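The values are calculated or read from the model by the stated rules, or taken from the named source; none is laboratory data. Just so it is clear, the structure is predicted and the values come from calculations on it, not from any experiment. Using ideal geometry, Cβ is built from the backbone for each residue, glycine included, and neighbour counts are taken over all protein chains shown. Surface accessibility is based on the protein's heavy atoms, side chains included, excluding ligands, DNA and RNA. Shrake-Rupley method; radii C 1.70, N 1.55, O 1.52, S 1.80 Å.
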Amino acid sequence: MGDVDFPTWFGVGSYGGLAAALLAAAGIAGYALRRRRGSPLQLARAILVCLAAASLMLAPVWWTQNRLNLYGPSLAPGEVLLWLCWAALFGWLLPLAVLAAYVTLAAAQLAPTVPARGSNHTTAFASPDDPARRIEPLGPGRAWGELVSLEGESAGRAIALTRQLTLLGRELDNDIVIDDERTSRHHAELHWDHGRPQLVDRTSMNGTLLNRQTVRGPVPLKPGDVIELGAQRYRFEAPAPVSTDANGAEAETSKSTAILSGGVGAPPVVAPLALVAVNGPVAGARWDVRDAVITIGRDQGQRICLPDESVSRQHAQIVRQRAGYFVADLASSNGTFLDDVPLEAPGLLAPGAMLRVGNVALRCEAAATQTTLAWRRDDPAAAVAVESGAVPALMREREPDALLFLQHAAPARRDEAVHLGPPILTLADPTCDAEPTH
């Protein structure tokens, strides 16, 4: 081919290499989806290599337009050879080799399996509706283990594991929600399998590490093991044994003390709050704040409806965390203020705080939750109803070992997810009260 035809030939080769790299990326993605081949990490790496090759092909395209077409035969042979090798390598050889390697070497995506409980066979990963998520194998409130956070603001906090199956991940339908971008939507599972705690990775993107070793299949857990999910680390611990009497029954005082102190045997309890409208069209209305997620807005579909023009249709949101209730603005027009400070990040609600939504002011109060106490020494048949905040003071007046049982009239719902890390703010299903209580 003569020198006159070389620029045209090289231009076609450069643009063709760019197209080949892009088509190789598309071909890998289509093959993986249609034939279910390769892991998510392998697919991501292969596509990234092809896209990087396509971006590198922009250099010879530029060289063709600004050097080859202008100077032609006067260019040094070494310069021409360099760009010929560049276009051949990054435009044709590399993406086509990646495509061929993926098609040849990528293994089939088998249905994720874990050993079935009580058998040597395998079964699919647990679904969100798995009944094991509602079974407490050691009895109501009895924990077989706990996770202690080692990172972030929640470091040192313990999460009780009472269910036979616990799901962990970034999505809100998990039992333990981890707010970390490196954590997959459904990252891992914790099982209580006939007295043996186990950890299972759900083919997460970044994997699950146990004591710095990659988890492959179900692995047993022992106290002190460190679990890494994405960028978060947690230590697994087993609860202290419960003391028993001569007949083998659990000592009631030990159980009661654990419940009162919020120990491993008791789920976390966040004191409920109430919001009272101070002004506006619903002045005097009162809403109990108990749900995991509550939205505030002008629409009738919101949990707390404030029919005022200064309030956006979806104005603010309250999310229950282990540390309490946090409120955040939902990009409203007139803003949300907590104690006259505009909310730029989630703020903690506390009794006495003043929440202003648009022009409507809401006063935060402690909700009246009754707690029933029965005392062994004074009068076992008597019941004393006290406010939740009065329990510690009452217990200081009487000996802790006199406590027979402690039962909350409004226990936390089972379907709540325990959140680790900063508050997770998402829109909830509209469940607006038709008429707020006064």
Virtual spin-label span in nm between VAL61 and THR214, 7 Å along Cα→Cβ: 3.6 nm
In the stretch 156-237, what trypsin sites (Lys or Arg not before Pro) fall in a loop by DSSP, with at most 12 other Cβ atoms inside 10 Å? ARG212, ARG216
Could you check the spin-label model distance between ASN69 and VAL278? Points 7 Å from the Cα along Cα→Cβ, value in nm. 6.9 nm
Fraction in percent of alpha-carbon pairs per bin - 5 Å, the stretch 130-241: 2, 13, 24, 27, 21, 10, 2, 0
Contour minus Cα-Cα distance for LEU22 and VAL341 (0.36 nm per residue): 109.8 nm
If you roll a 1.4 angstrom probe over the protein chains with everything in place, what fraction of the accessible area of the stretch 279-350 belongs to carbon and sulfur, to the nearest %? 47 percent
Calculate, for the stretch 287-351, the solvent-accessible area per residue in square angstrom, rolling a 1.4 angstrom probe over the heavy atoms of the protein chains. 43 Å²
Taking R0 as 51 Å and r as the Cβ-Cβ distance between ASP173 and ALA101, the FRET efficiency 1/(1 + (r/R0)^6), rounded to the nearest 0.05, comes to 0.90
